[in-house]
Amino acid sequence: MSIPSVKALPFVDLAHQQDLIRPEVMARIEKVLNHGQYILGPEIAELEKALADFVEVEHCISCSSGTDALLMAMMALGIGAGDEVITTPFTFFATGEMIELLGAQAVFADIDPKTYNIDPKQIEKLIGPKTKAIVPVSLYGQCADFKEISEIAARHKIEVIEDAAQSFGGEYFGKKSCALSRISCTSFFPAKPLGGYGDSGACFTTDADLAKALLEIRNHGQSKRYVHTRLGINGRMDTLQAAILLAKLEIFSGELDLRDQVAKKFSKILNEKLGEKIQLPFIKSHNRSAWAQFTIEVSNRTQVMERLTQLGIPTAVHYPVTLPRQPLFQKYFDKENAPHFPVAEKASERVMSLPMHPYLSEADMNRIADGLAAALRA
């Protein structure tokens, strides 16, 4: 039986948000066009101060992407060939990619089955003489267990780098994500809780020496014009992206509150209509999620997603393949005795993200829940 065509819901409703802030966005863009400083214009410093104040740390160093933020942070800490960096197997490829790009080796620790963040209990046994850092990823908007992770790192005198690409705006025991380790990184990719209209990112630190290193690294290693004191990259944020982010930052705190309200209402509706047929997002009591994604677990994921697509309900999978199973990382594993990450591998086969944004209406939540119930019955 054919299914009638229906209007698809947006997965992330950036158009609605843009309508709310269009005058401010256009005014800020026009200001950049008028002064013409498209690289490191005054909006860069203005944004960096505003972001540092929001996170409540001393230094914010903006850059061209969340990926480059990770790269810059690792370079600033001197991570390189021969080093090992412990991270999660369940994350976007960039986390492991930047470790590999610097000639270091990613060492994976399995995840918590409820939060999907790295499990601190799996970390300490992996630390060895080559271990230089731990990179916890605050996945789906919820901060990892930084108290336990930081205690482990302190015992072994190694660094912690928060990969907060999805958690900017989230909180851990009342402290903002990106203020939970000596150096942290985030992304302002358009679909993030705070997203620009292109790629951009930032590093955060309370350490003045690290801040100086990051500033040099993002601009070809220059300590001043044409004086290159270290190896660097072209990692600068465009001034236009800074202008857009400044406009969005004005409504960001309100949007975080709306995300919380949407997530609670959505969870209630799904629980009432589906009960134990799905695993709902789990947020620890000391955490406030930024709700970058609203991710559930289902059986028969492929068939469920296909049915939802027919009903005009978009979905996404973050992430269908764990990092150790990516071809790049296979070189580290003996095929006959390859390490097994059972929690991450199970999650990769079952997770599915539903539409999530501050402006998701109750009617659309019910439409999604009803569609999901029909898909699961089918």
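The values are calculated or read from the model by the stated rules, or taken from the named source; none is laboratory data. Since this is a predicted model, take the numbers as computed values, not measurements. With ideal geometry, Cβ positions are generated from the backbone for all residues, glycine too; neighbour counts draw on all protein chains shown. Each accessible area value is taken on the protein alone, full model and side chains, heavy atoms only, with ligands, DNA and RNA left out. Shrake-Rupley method; radii C 1.70, N 1.55, O 1.52, S 1.80 Å.
Quick notes on this structure:
- Count of residues meeting criterion [surrounded by fewer than 19 Cβ atoms within 10 Å (Cβ to Cβ) and either in a strand (DSSP E or B) or of a type in the set (A, V, I, L, M, F, W, C) (or both)] in the stretch 195-209: 1
- Subset of the stretch 261-298 (residues that are hydroxyl-bearing (Ser, Thr, Tyr) and in contact (Cβ under 8 Å) with a residue 60 or more places away in the chain): 289, 295
- Failed item in (1) without any contact (Cβ under 8 Å) to a residue 40 or more places away in the chain; (2) aliphatic (A, V, I, L, M); (3) open to solvent by less than 10 Å² (accessible area, probe 1.4 Å), with residue 154 passing the rest: (3)
- Yes/no for residue 167 being surrounded by fewer than 19 Cβ atoms within 10 Å (Cβ to Cβ) and of a type in the set (Ser, Thr, Tyr): no
Conditions (1) in contact with a Cys (Cβ under 6 Å, 6 or more places away or on another chain); (2) of a type outside the set (A, V, I, L, M, F, W, C); (3) without any contact (Cβ under 8 Å) to a residue 40 or more places away in the chain, marked per residue:
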| residue | (1), (2), (3) |
| --- | --- |
| 9 | no, no, no |
| 24 | no, yes, no |
| 35 | no, yes, yes |
| 88 | no, yes, no |
| 105 | no, yes, no |
| 113 | no, yes, no |
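- Only one of the listed residues (343, 321) is outside any helix (DSSP H, G or I), surrounded by fewer than 21 Cβ atoms within 10 Å (Cβ to Cβ), of a type in the set (A, V, I, L, M, F, W, C) and touching a residue at least 24 places away in the same chain (Cβ under 8 Å). That residue is 321.
- Selected residue (only one of 99, 61, 79, 44 is in contact with a Lys or Arg (Cβ under 6 Å, 6 or more places away or on another chain), closer than 25 Å to residue 215 by Cα and buried (at least 18 other Cβ atoms within 10 Å of the Cβ)): 79
- Selected residue (criterion: least open to solvent (accessible area, probe 1.4 Å)) from residues of the stretch 273-285 that are over 13 Å from residue 368 (Cβ atoms) and in a helix (DSSP H, G or I): 275
- Residue check: residue 248 meets all listed conditions (1) open to solvent by 20 Å² or more (accessible area, probe 1.4 Å); (2) within 25 Å of residue 47 (Cβ to Cβ) but one, namely (1).
- Residue check for residue 224: modelled with pLDDT under 95 and surrounded by fewer than 19 Cβ atoms within 10 Å (Cβ to Cβ): yes
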